[in-house]
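Q: One structure, pasted below without further comment.
The values are calculated or read from the model by the stated rules, or taken from the named source; none is laboratory data. Remember, it's a predicted structure, so these values are computed and weren't measured experimentally. Please note: Cβ atoms are built from the backbone with ideal geometry, for glycine as well, and neighbour counts cover all protein chains shown. Areas reflect the complete protein model, heavy atoms only, side chains present, ligands, DNA and RNA absent. Shrake-Rupley method; radii C 1.70, N 1.55, O 1.52, S 1.80 Å.
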Amino acid sequence: MPQYDPRLGLSREEFQRYTLYQPSLVGVGRATLKLRRAGQRVIFEGGAGSLGVLQGLSIDLLTGELQVPEGFATRPTALLPQRLSNSAVNIRSGFVWSLQGNNVSAGNAIRGQLVLMELSNGQVLLSYRKTSMIRRTITKGEVVVGYQRP
């Protein structure tokens with residue numbers, strides 16, 4: 001992991017939020033990620049354990065728009081490999097969806113980031129981290145899912 005340095009001008013918490021990659025990826029077992037397709041949208045139905053944090057996310061396959069259960073939507077930004085050249089993870093391509101919004105009257109809010117990337121070895125990684133509030137109930141979650149093509 002990169003070491004925190006106060007000369008960066010970031011708080012330690014901000015530094016943790018911007019540090020996305022570990023030097024190596026270690027598998028913790030197999031899991032089944034449930035997806036459903038409805039027209040041009042792919043809807044995550046979650047799964048067991050930490051995969052439940054993905055439940056309710058949906059991505060429009062034509063526009064790339066991500067919608068979340070908290071009632072907000074965002075579009076992706078391309079993940080450029082040259083921006084991540086100092087990472088131990090060699091990224092071929094990918095997308096990042098950044099979420100931040102609140103609706104005071106509904107009691108909903110979100111701050112999160114979904115990252116979908118393809119590594120140079122063909123593995124696909126999906127990373128999602130969020131802090132959210134639905135009807136004034138706060139939840140936090142984080143999951144990293146890897147898929148290796150056979």
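Q: Per 0.36 nm of contour for each residue apart, how much would the distance between Arg17 and Thr77 grow if the chain were fully extended, relative to their Cα-Cα spacing? Before the final figure, lay out each step's value.
A: Numbers: separation 60, 0.36 × 60 = 21.60 nm, distance 1.74 nm.
Additional length available on full extension: 19.9 nm.
Q: Enter the accessible area per residue of segment 34-150 (Å², integer; probe 1.4 Å; all protein chains in place).
A: On the way: 6810 Å² over 117 residues.
Accessible area per residue, segment 34-150: 58 Å².
Q: Give the calculated FRET efficiency between Leu33 and Leu8 to the nearest 0.05, with a Förster radius of 35 Å applied to their Cβ-Cβ distance. It would help to have the intermediate numbers written out before the result.
A: Working: r = 35 Å, r/R0 = 1.00.
Efficiency, from the Cβ-Cβ distance: 0.50.
Q: FRET efficiency for Ala106 and Thr131, Cβ-Cβ distance as r, R0 = 25 Å, nearest 0.05?
A: On the way: r = 17 Å, r/R0 = 0.67.
After rounding, the FRET efficiency stands at 0.90.
Q: List the residues, sorted by chain then number, that are 5 or more residues from Glu65 or on another chain and whose placed amide H is less than 5 Å from its amide H.
A: Correct list: Asp60.
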